[in-house]
Amino acid sequence: MRLFAATIATETNTFSPLPTSIEGYRESVFLRPGEHPDEAPLMCTAPLLVARRRAKAEGFTLIEGSCFAACPAGTTNRQDYEFMRDEILAQLKAALPVDGVLLGLHGAMVAHGYDDVEGDILERVRALAGPKAVIGVELDPHCHLTLKRVRLADVIVLYKEFPHTDVVERAEDVLDIVLKTLRGQARPAMSLYDCRQIGTYPTTLPLMRGFVDKIKAMEGKDGVLSISIGHCFPYADVPELGGRILVVMNGDKVKGDALARRIGEEFVSMRGKTMPNYLGVDEAITAAVAANETPVVMADPADNAGGGAPSDNTTILRRLIERQVTDAAVGPIWDPVAVRLCFDAGLGAELPLRFGGKIGPRSAAPIDATVKVTALARDCWQSFGPAKVALGDCAAVRVGGVEVALITKRNQALGLELFTNLGIDPRAKKLVVVKSTNHFMAAFGPIAKRVLYVESDGPLSRDFRKIPYTKVMRPIWPLDERTEPGLIL
Ligand SMILES: [Zn+2]
């Protein structure tokens with residue numbers, strides 16, 4: 001039995017002011033066959049790593065392809081996407097014949113000329129591997145679950161958790177179902193329900209937590225191989241954006257359709273009830289300052305690099321400085337130039353520094369302040385579950401009572417190392433401001449005495465009606481009041 005595995009992934013915010021080229025992939029994940037480290041998966045590479053670990057025991061040969069992944073930003077340029085895609089396709093062609101293909105994709109990648117990158121890849125992989133090959137795909141729930149890709153794959157499984165702490169488990173699920181199918185123990189049939197809605201669904205909040213636990217309990221019984229909840233990725237102008245439910249049933253498509261419809265209708269009934277309460281910037285600062293128990297962790301989802309934002313919006317930081325808040329830490333601010341200036345000034349230096357507020361109008365104005373360089377560290381990283389995420393060279397500067405973590409490799413706040421690398425102990429702070437939508441909860445949730453979500457003026461607006469979509473299929477909630485959810489496959 002021969003399986004081929006590869007990854008090409010990013011989450012494309014088509015409204016982001018940051019273009020994505022091959023350099024973005026080189027900076028994050030750019031591994032040729034055999035180069036993937038053994039320890040832990042990188043962004044979207046879990047299917048390959050899980051297959052490598054299990055190949056011998058399960059009696060199959062794994063042929064490894066390349067793994068390419070970039071931190072979320074704007075649309076990937078066409079020639080770079082085609083270069084990476086064609087490299088993987090050439091590896092697959094050389095590996096033929098194969099019985100199965102495992103793809104670690106994100107599911108919300110857009111390249112110039114390709115609104116549905118994953119559909120394009122699957123079409124070409126299917127053409128090469130043939131109709132009998134079993135194609136298994138792992139996607140992020142912040143994906144566009146297009147009809148094309150569901151028709152072309154045999155099995156698609158999305159992570160269930162947000163924060164995405166179950167990336168490895170779901171890759172195991174994909175491999176399990178692919179192997180069962182190849183051994184004649186399963187005949188996966190996929191049913192897709194389109195909920196016609198845009199939303200945010202952290203699984204750390206009670207309603208979504210209960211929903212995910214409920215579908216997990218259904219799997220592995222009554223022929224249910226897998227159930228996935230497609231949250232959607234709101235910051236992309238692509239036709240098939242929106243929440244969808246995918247059921248993978250063993251054999252019985254009619255039964256799968258009924259289940260997808262039932263779960264889909266429940267997901268529709270949850271509209272407007274799954275998002276946290278977002279406070280205004282000053283309202284949140286006032287609440288944090290008044291808190292008896294600390295640290296308070298304040299999230300700035302509107303400037304989340306994980307959604308393609310620059311992570312250099314200065315609005316919350318500016319208000320902290322103006323209001324003379326003390327014992328606070330803010331991070332990450334992505335500003336490679338400012339980091340360079342701090343290294344040049346040296347540890348302990350005091351200097352007038354301009355930082356943040358550079359990339360676009362939604363970055364707000366840069367901060368101009370006399371700062372003290374309190375820490376400098378080369379080649380930093382932070383943890384996200386088992387994964388290590390690079391932050392590049394980092395600097396900490398103090399402005400009044402606020403310490404700021406400046407980074408060179410753009411990423412959202414995931415692990416405490418973002419601060420501890422720079423000698424800042426987030427547990428000992430009164431207020432910790434993190435740029436992240438909800439992934440920060442994996443590490444910062446356990447240390448926070450209180451979590452506040454803020455709606456700043458960063459680029460990722462929580463009010464989806466304000467996003468200037470032109471291609472998204474209508475009607476869709478909350479842009480439209482009346483919608484027609486239903487089974488589409
Ligand atoms: Zn995601």
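The values are calculated or read from the model by the stated rules, or taken from the named source; none is laboratory data. This structure is a prediction, so every number in the text was calculated from the model and none was measured. Cβ: placed from backbone, ideal geometry, glycine included. Neighbour counts: every protein chain shown. What goes into the accessible areas is simple: the full protein's heavy atoms, side chains included, and nothing from ligands, DNA or RNA. Shrake-Rupley method; radii C 1.70, N 1.55, O 1.52, S 1.80 Å.
Which percent of the accessible area of the stretch 300-453 is formed by carbon and sulfur heavy atoms (probe 1.4 angstrom)?
That share works out to 51 percent.
List the lysines whose Cα sits under 16 Å from the Cα of LYS132, skipping any in the same chain fewer than 8 residues away.
Within reach: LYS93, LYS180.
Tell me which residues come under 5 Å, amide H to amide H, from ILE63 once H is placed; ignore anything under 5 positions away on its chain.
When sequence neighbours closer than 5 places are left aside, the close amide H contacts are LEU3, PHE4, ALA5.
Relative to the first principal axis of the alpha-carbon coordinates of the chain, what is the inclination of helix 117-129, with its axis defined by its Cα atoms, in degrees from 0 to 90 and to the nearest 10?
Compared with the principal axis, the helix lies near 30 degrees.
What length, rounded to one decimal in nm, is gained on full extension from HIS112 through to GLU39, with 0.36 nm per residue of separation minus their alpha-carbon distance?
Difference between extended and current length: 22.9 nm.
Stokes-Einstein at 37 °C, 0.692 mPa s, Kirkwood radius from Cα pairs: D for the stretch 18-142 in µm² s⁻¹?
219 µm²/s
May I ask you to list the aspartates and glutamates whose Cα is less than 16 Å away from that of LYS449, ignoring any residue fewer than eight positions away on the same chain?
In chain and number order, the partners are GLU293, ASP327, ASP425.
Just to check I understand the Karplus step: with θ = phi - 60° and J = 6.51 cos²θ - 1.76 cosθ + 1.60, what whole-Hz values come out for the stretch 237-253, glycine and proline as x?
Whole-Hz 3J(HN,Hα) from phi for the stretch 237-253: 9, 10, x, 8, 5, x, x, 9, 10, 10, 10, 10, 10, 7, x, 7, 5.
Would you mind checking which residues have amide H under 5 Å from ALA108's amide H? H placed 1.01 Å from N; only 5 or more apart, or other chain.
When sequence neighbours closer than 5 places are left aside, the close amide H contacts are THR10, THR12, HIS144.
Would any residue of the stretch 304-335 have its amide N under 18 Å from a label point 7 Å out along Cα→Cβ of ARG427? List them or say none.
Answer for the stretch 304-335: 328-329.
Using θ = phi - 60° and the Karplus form 6.51 cos²θ - 1.76 cosθ + 1.60, what ³J(HN,Hα) does each residue of the stretch 483-489 get, whole Hz, x for Gly and Pro?
9, 10, x, x, 6, 10, 8
Which links in LYS160/LYS471; LYS160/LYS429; LYS148/LYS216; LYS372/LYS409 stretch past 30 Å when you go from one Cα to the other?
LYS160/LYS429, as the Cα separations exceed 30 Å there.
If you roll a 1.4 Å probe over the heavy atoms of the protein chains, what accessible area per residue do you get for the chain, in Å²?
In whole numbers, the chain has 37 Å² accessible per residue.
Please list the radius of gyration and Dmax for the chain, considering alpha-carbon atoms only, with Å as the unit.
So, for the chain, Rg and Dmax equal 22.4, 69 Å respectively.
At a 1.4 Å probe, what is the % contribution of carbon and sulfur to the accessible area of the stretch 179-290?
Of the solvent-accessible surface of the stretch 179-290, carbon and sulfur hold 54 percent.
Working from Cα positions, state the angle (0 to 90°, nearest 10) between the long axis of helix 46-58 and the longest principal axis of the chain.
50 degrees
Considering the stretch 1-44, what Rg and Dmax in Å follow from its alpha-carbon atoms?
Cα only, the stretch 1-44: 13.3, 45 Å (Rg, Dmax).
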